[in-house]
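All of the numbers you see were taken from the coordinates with simple rules; none came from a lab. No experiment lies behind these values; they were computed from the predicted model shown. Virtual Cβ from ideal backbone geometry, glycine too; neighbours counted across all protein chains shown.
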Amino acid sequence: MTEDVPPPDGPEHGPDGGQGDGPDGGPGDGGTEAGFGAVDPPDWRREFAEEARSERPDLARLCLLIGAVVDPTVTPHTLDEAEIELDRLAGLVPYATRITGDWTSALAGLLGSREGFEGVPADYQRLESSLLHEVLRRRRGLPILLSVVWMEVARRAGAPVYGLGLPGHFVVGFGDPADLNLADPFAGGRAMTGTDAELLVASATGEALDRSMLRPAEPGAIVLRVLNNIRAWAAPRPERSDVALWAVELSLLLPSHPARLRYERAELLVQRGQFLTGATEMEAYAQVMDAVDPESATTIRRRAQAARARLN
């Protein structure tokens, strides 16, 4: 599922996102640190894979590592500063909130009103809106990234918080999910009722709210949705196929991901001129599809053959 359909005819403010300097024109794996000698740059992708497959994945760390992959200016110090900022914000949550349990009001007052975290329509057109270190700097982002800020600050402050991936819009909840004590960080922390959630789902899908939509989202699912948003941002921008490629490749590092992403990666490789590698991966995916959809497998093999022909 892709997060939040951008408003129609929204202003175009998409950044270049940092042209990659890694192999095949992809994003680099991070910067070097000053010292007496050369220091190997961090292997951000390896760190992302290890964190994603750990027993208890750290949501903030995973989101920060996404930014480290795309932004060649990010260093370990950048990530440390982001974690420190989340800790600082958590320290500003009134201690009495642990007793009153009024987390929505407390966080709306702190993060929304005082610190200025909220979203505007133009944020849908910016790659930075999906990068946690930039959201912490700009105080702007997509609903899911603003929700990550809320969740990480609330968790550090001791709140029983969770993320809720409603169709088309991500929000946060507190306490028992059955109580629907929800807030919309994109709207500065506006409190939401069950009726609000039903209207939101109806406007996004034309269907009624299903109870399965109220299941708290796990870190892996949240990160996959963030990466889906980045792929959606890059899709209408052929010149940013590098962004689409690394977003797909990070998605494939998650323990659970759609199998079709393997084919999407192959298509992107062909689009970027890596015809042989892309064709080989298409053929491998076609073998997987043979057992479930032979017709599609045949079509994929034809596309692989066409990609190989472009080498001549």
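Per residue, the convex hull around the alpha carbon atoms of the chain comes to 159 Å³. Using only Cα coordinates, the Kirkwood hydrodynamic radius of the stretch 149-191 works out to 10.5 Å. Computed over every Cα-Cα pair of the stretch 86-226 and binned at 5 Å starting from 0, the pair-distance distribution P(r) comes out as 2, 11, 21, 24, 21, 14, 6, 1, 0 percent.
Peptides 42-49, 123-130, 169-176 ordered by packing proxy, namely the average of other Cβ atoms within 10 Å per residue, highest first: 123-130, 169-176, 42-49. The calculated 222 nm mean residue ellipticity attributable to helices in the chain amounts to -15000 deg cm²/dmol, summing -39500 (n - 2.57) over DSSP H runs of n ≥ 4 and dividing by all residues.
Annotation for Thr277 and Ala221: the two label points, set 7 Å from Cα along the Cα-Cβ direction, are 3.3 nm apart. The value of relative contact order for the chain, using C-alpha pairs under 8 Å at least six residues apart, is 17 percent.
Here the stretch 124-203 is treated with +1 on each Lys and Arg Cβ and -1 on each Asp and Glu Cβ, and its dipole about the Cα centre works out to around 460 debye.
Where the centroid of each part is defined by its Cα atoms, how far is the stretch 152-187 from the stretch 86-106 in Å? The stretch 152-187 and the stretch 86-106 have Cα centres separated by 14 Å.
Distances between placed amide hydrogens fall under 5 Å for Gly188 paired with Gly119, all partners being 5 or more residues away or on another chain. Which listed residue (Ile99, Gly67, Leu227) has the Cα farthest towards the positive end of the charge dipole for the chain, taking +1 on Lys and Arg C-beta and -1 on Asp and Glu C-beta about the Cα centre? Among Ile99, Gly67, Leu227, the one farthest towards the positive end of the dipole of the chain is Leu227. Normalise the Debye intensity by I(0) for the stretch 195-310, one equal point scatterer per Cα, no solvent, then take log10 at q = 0.19 Å⁻¹ and round to two decimals. The computed values of log10 I(q)/I(0) come out as -1.03. Computed FRET efficiency, Cβ-Cβ of Ile99 and Thr205, R0 45 Å: what is it to the nearest 0.05? Once the sixth-power term is evaluated, E becomes 0.70.
For the stretch 43-144, the direction-averaged projected area of the alpha-carbon convex hull comes to 7.6 nm².
Once the Kirkwood radius over Cα pairs is known for the stretch 108-179, the Stokes-Einstein relation at 10 °C and 1.306 mPa s delivers a diffusion coefficient of 126 µm²/s. Model label sites at Asp80 and Ala122, defined 7 Å from Cα along the beta-carbon direction, differ in position by 3.4 nm.
For the chain, modelled as a GNM whose springs connect Cα atoms under 10 angstrom apart, the maximal fluctuation among Leu132, Leu199, Leu269 occurs at Leu199. Of the peptides 218-229, 253-264, the ranking by mean beta-carbon count within 10 Å, highest at the top, reads 218-229, 253-264.
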